[in-house]
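Enquirer: Take a look at the following structure, please.
The values are calculated or read from the model by the stated rules, or taken from the named source; none is laboratory data. Note that the coordinates shown come from a computational prediction; the quantities given were computed from them, not determined experimentally. All Cβ positions, even for glycine, are placed from backbone atoms using ideal geometry, and neighbour counts span all protein chains on display. In case anyone asks, the SASA skips ligands and DNA or RNA and just uses the protein heavy atoms, side chains included. Shrake-Rupley method; radii C 1.70, N 1.55, O 1.52, S 1.80 Å.
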Amino acid sequence: MDKVFLTDVDDCLFAWHDAFVEWVGVHYPRFIPVSDSEWIQWEIRNKFENMTQEEAETCLVHFNTSAKQRFMPSKLDSEIWVNKLIKEGWKFIAITSVSDDPDVYKLRKMRLEELFPGGLLKLHCLPLHHGKEKCLAQYADGEYYWVEDKLKNALAGLSYNMKPLLIAHGYNRTENSNIQRVKNWEEIYGILNG
């Protein structure tokens, strides 16, 4: 097997949650963030005390198609350990359901190449809220490691003979013994080179 792994981008390579909450504070200051809102990953409106579902969707679309995509911060220790993997010959394929807007693709690609120079083999930017199954299917039976933070997508990778590594967050606890939970990229580094 080539030294290639697949990875989600948001809350795996990029600190999406932190960037989103900060960005909403600047662009929509009337919304009050909930403390410990990282635990509430998939219900955007619940990250704020006074946000409706419609307002949450507006903020989400605005953020995911904003210039902020060019300046996203790295998540956890991803910059250190992914770049170490790259120096050792690893490449990655990034799959994200941020937006299928061509400009967002360009911004994301620029940022990934800036944070992880020489590592990005391919980037798939899927429509917002779009499932990753069809995209993962094209890598089926490659026995790739698949880094993800959403249990549903980790399970999809498992169904395509991948080895999912679920970055542990409070919102993605699982008892599935086929899904390996990891704390950070240092741990992923050890697994990929194990």
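Enquirer: For the range 43-55, indicate whether the set of residues that are surrounded by fewer than 18 Cβ atoms within 10 Å (Cβ to Cβ), outside any helix (DSSP H, G or I), modelled with pLDDT under 90 and not aliphatic (A, V, I, L, M) is non-empty.
Expert: So far as the range 43-55 goes, yes, one or more of its residues are surrounded by fewer than 18 Cβ atoms within 10 Å (Cβ to Cβ), outside any helix (DSSP H, G or I), modelled with pLDDT under 90 and not aliphatic (A, V, I, L, M).
Enquirer: List pairs: first in the range 122-139 and closer than 14 Å to residue 162 by Cβ, second assigned to a loop (DSSP other than H, G, I, E, B) and among the basic types (Lys, Arg), Cβ under 9 Å, 6+ apart or cross-chain?
Expert: What qualifies is 132/150.
Enquirer: Which residue, of 22, 114, 43, is under 24 Å from residue 164 (Cβ atoms) and free of Cβ contacts under 8 Å to residues at least 24 places away in the same chain?
Expert: Numbers: 22 fails: under 24 Å from residue 164 (Cβ atoms); 114 fails: under 24 Å from residue 164 (Cβ atoms).
Criteria check complete, one pass: 43.
Enquirer: Before we move on, is residue 75 surrounded by fewer than 18 Cβ atoms within 10 Å (Cβ to Cβ), among the basic types (Lys, Arg) and out of contact with any helix residue (DSSP H, G or I) (no Cβ under 6 Å at 6 or more places or on another chain)? Working first, answer last.
Expert: Details: surrounded by fewer than 18 Cβ atoms within 10 Å (Cβ to Cβ): no; among the basic types (Lys, Arg): yes; out of contact with any helix residue (DSSP H, G or I) (no Cβ under 6 Å at 6 or more places or on another chain): yes.
When the stated conditions are applied, residue 75 does not pass them.
Enquirer: A further question follows. Answer yes if at least one residue in the range 159-181 is of a type in the set (Phe, Trp, Tyr), in contact (Cβ under 8 Å) with a residue 40 or more places away in the chain and in contact with a Phe, Trp or Tyr (Cβ under 7 Å, 6 or more places away or on another chain), and no otherwise.
Expert: Let us first name the residues in the range 159-181 that are of a type in the set (Phe, Trp, Tyr), namely 160, 171.
Now restrict to residues that are in contact (Cβ under 8 Å) with a residue 40 or more places away in the chain: 171.
Okay, now just the ones that are also in contact with a Phe, Trp or Tyr (Cβ under 7 Å, 6 or more places away or on another chain), so 171.
Yes: one or more hits.
A quick yes/no check of all residues on (1) of a type outside the set (D, E, K, R); (2) within 16 Å of the chain's Cα centre (by Cα):
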| residue | (1), (2) |
| --- | --- |
| 8 | no, yes |
| 11 | no, yes |
| 54 | no, no |
| 67 | yes, no |
| 73 | yes, yes |
| 78 | yes, yes |
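Enquirer: Another one. Restricted to the range 1-40, and to residues that are open to solvent by 20 Å² or more (accessible area, probe 1.4 Å) and assigned to a strand (DSSP E or B), which residue is modelled with the lowest pLDDT?
Expert: The qualifying residue modelled with the lowest pLDDT is 33.
Enquirer: Between 143, 114, 88, which is at pLDDT below 95, loosely packed, with under 15 Cβ neighbours inside 10 Å and more than 23 Å from residue 57 (Cα to Cα)?
Expert: That would be 143, the only listed residue that is at pLDDT below 95, loosely packed, with under 15 Cβ neighbours inside 10 Å and more than 23 Å from residue 57 (Cα to Cα).
Enquirer: Let me ask something else. Residue by residue through the range 98-111, note down the ones that are open to solvent by less than 30 Å² (accessible area, probe 1.4 Å) and either aliphatic (A, V, I, L, M) or in contact (Cβ under 8 Å) with a residue 60 or more places away in the chain (or both).
Expert: Just the residues of the range 98-111 that are open to solvent by less than 30 Å² (accessible area, probe 1.4 Å), to begin with: 98-99, 104, 108.
Selection gives 98, 104, 108.
Enquirer: Could you list, in sequence order, all residues of the range 60-72 that are farther than 21 Å from residue 48 by Cα, open to solvent by 40 Å² or more (accessible area, probe 1.4 Å) and not hydrophobic (A, V, I, L, M, F, W, C)?
Expert: Within the range 60-72, just 70 meets the criteria.
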